[in-house]
1. Within segment B:8-53, can you find the residues that are assigned to a helix (DSSP H, G or I) and of a type in the set (A, V, I, L, M)?
2. Out of (1) surrounded by 20 or more Cβ atoms within 10 Å (Cβ to Cβ); (2) within 7 Å of ligand 1 (Cβ to nearest atom), what's the single condition that is false for B:VAL65?
3. Consider B:ILE56 carefully, then state whether it is within 28 Å of A:MET50 (Cβ to Cβ) and not in a helix (DSSP H, G or I).
4. Confirm whether B:LYS135 is closer than 29 Å to B:SER2 by Cα, more than 16 Å from ligand 2 (Cβ to nearest atom), of a type in the set (D, E, K, R) and without any contact (Cβ under 8 Å) to a residue 60 or more places away in the chain.
5. Could you pull out the residue among A:LEU12, A:LEU80, A:LEU32 that is at pLDDT 95 or above and within 16 Å of ligand 1 (Cβ to nearest atom)?
6. Of the conditions (1) surrounded by fewer than 17 Cβ atoms within 10 Å (Cβ to Cβ); (2) closer than 24 Å to B:MET110 by Cβ, A:GLY72 clears all except one; give me its number.
Amino acid sequence: MTVRQLSESLALEVLSLPEPEREVCGAYAGDLLSWVMGRANADNVWVTVMTNANTVAVATLTDVSMVIVTDGSEMPPETLALAKEKGVNLARTKASSYEICVRLGGLLS
Amino acid sequence: MSEPLVFTFEVDGENFTSAGNASVAVKKKLRWLGFPPEIIRRVSVAMYEGEINMVIHAGGGVATVTVLQDRIDIVLEDHGPGIANVELAMKEGFSTATDHIRDLGFGAGMGLPNMKKNTDSMEIQTELGKGTTIKMIINL
Ligand SMILES: Nc1ncnc2c1ncn2[C@@H]1O[C@H](COP(=O)(O)OP(=O)(O)OP(=O)(O)O)[C@@H](O)[C@H]1O
Ligand SMILES: [Mg+2]
C-alpha cells in the first residue's frame, strides 16, 4: 500500500506529501524520540503526537515512509516547513494513536 | 577509496530546531557513497543520539565522521559538564533531562544505549567540568 492510498483509507489530513507513491511496510507508534530512533524500521508508518521540529530529523534518519500525527496535535509551521524541505510525508488525524494503529493493523496485514 | 574521507560538523548547542542536521548530512553522504542501508542506519542512529546529547546536555560540540576502508569512525567532542557516572548513564532509562527537554520527546534515557547497540565499539572519555568525548566505530 502506498502512502497516498493509506492517507485516503484513513481519511488523514495531508500536510506534506512529497513522496505519495512510497510503499508502506509496517508501523511503529511512540512519542519518545530515542525509542523511535532505536526501534522504528525503514518504510514503517510512524504514529505519534509529537510535532516539534526534531520529529522531522527522526523521520528522516529512520527512513519511515510517513509520519501520522494523532489526536489532532498542533502542528508548528516550522515543523511543516522543515518536513516539506526534507521530503518527509506528514499527515494528521483527530483519531488517537490507538485508533489509528487498530486501523493500520487491518490495512497493513 | 584509499584516502579516508573526513566530515566535520560544529553542533550548535543553542538551537534545538537544527539539532540532528549533522546526522542528516552524514546520512546523505553515506547514501551517495553507496553504503548498504543497514550500515547507514546504524551510523545515523548512533550519531543522532550523540549529536542530540551534545545539544541538550553539553551546550553543543564538534562531530567528526571518518570513512575508512574497513570502518566508519564517529567522534563527538564537547566541553560541557561531563558525565558523573558513566555506568549509570549507560543504563536504559537513566536521564537527567529537564521537564522542558522531556516535553520535546527527549529524556527517555535510551540515547547512550542506542549508541552502544548500533556500534561495534564505543568509548567514553569524560571529566566533570571539562567535557566529554565519545568515540564510536562501525566496522564495514
Ligand atoms: N555529552 C554529554 N554531556 C553530559 N552529559 C551527558 C552527555 N551525554 C549523556 N549525558 C548524560 O547521560 C544521561 C543519559 O544519556 P542518554 O542519551 O542515554 O539519555 P537522555 O539523553 O537523557 O534521553 P534520550 O537520549 O532517551 O532522549 C543524560 O541524561 C545525561 O545526564
Ligand atoms: Mg540522549
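1. Once the filter is applied, which keeps residues that are assigned to a helix (DSSP H, G or I) and of a type in the set (A, V, I, L, M), segment B:8-53 yields B:ALA22, B:VAL24, B:ALA25, B:VAL26, B:LEU30, B:ILE39, B:ILE40, B:VAL43, B:VAL45, B:ALA46, B:MET47, B:ILE52.
2. Status for B:VAL65: all satisfied but (2).
3. Details: within 28 Å of A:MET50 (Cβ to Cβ): yes; not in a helix (DSSP H, G or I): no.
When the stated conditions are applied, B:ILE56 does not pass them.
4. The answer is no for B:LYS135.
5. Answer to the selection: A:LEU32.
6. Against the list (1) surrounded by fewer than 17 Cβ atoms within 10 Å (Cβ to Cβ); (2) closer than 24 Å to B:MET110 by Cβ, A:GLY72 comes up short only on (2).
Residue-wise test of (1) part of a helix (DSSP H, G or I); (2) away from chain A (no Cβ under 13 Å); (3) at pLDDT 95 or above; (4) near ligand 1 (Cβ under 8 Å from one of its atoms).
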residue: B:ILE72; (1), (2), (3), (4): no, yes, yes, no
residue: B:GLU77; (1), (2), (3), (4): no, yes, yes, no
residue: B:GLY82; (1), (2), (3), (4): no, yes, yes, yes
residue: B:SER95; (1), (2), (3), (4): no, no, yes, yes
residue: B:LEU112; (1), (2), (3), (4): yes, no, yes, yes
residue: B:THR132; (1), (2), (3), (4): no, yes, yes, yes
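So that you can scan it fast, the table gives a plain yes or no per residue for (1) over 9 Å from the mean Cα position of the chain (by Cα); (2) on the phi > 0 side of the Ramachandran plot; (3) outside any strand (DSSP E or B):
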position: A:TRP35; (1), (2), (3): yes, no, yes
position: A:VAL47; (1), (2), (3): no, no, no
position: A:ALA59; (1), (2), (3): no, no, yes
position: A:VAL64; (1), (2), (3): no, no, yes
position: A:SER73; (1), (2), (3): yes, no, yes
position: A:THR79; (1), (2), (3): yes, no, yes
position: A:ALA83; (1), (2), (3): yes, no, yes
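The values are calculated or read from the model by the stated rules, or taken from the named source; none is laboratory data. No experiment lies behind these values; they were computed from the predicted model shown. When we count neighbours, we look across all protein chains shown, and the Cβ atoms used for this are built from the backbone with ideal geometry, even at glycine.
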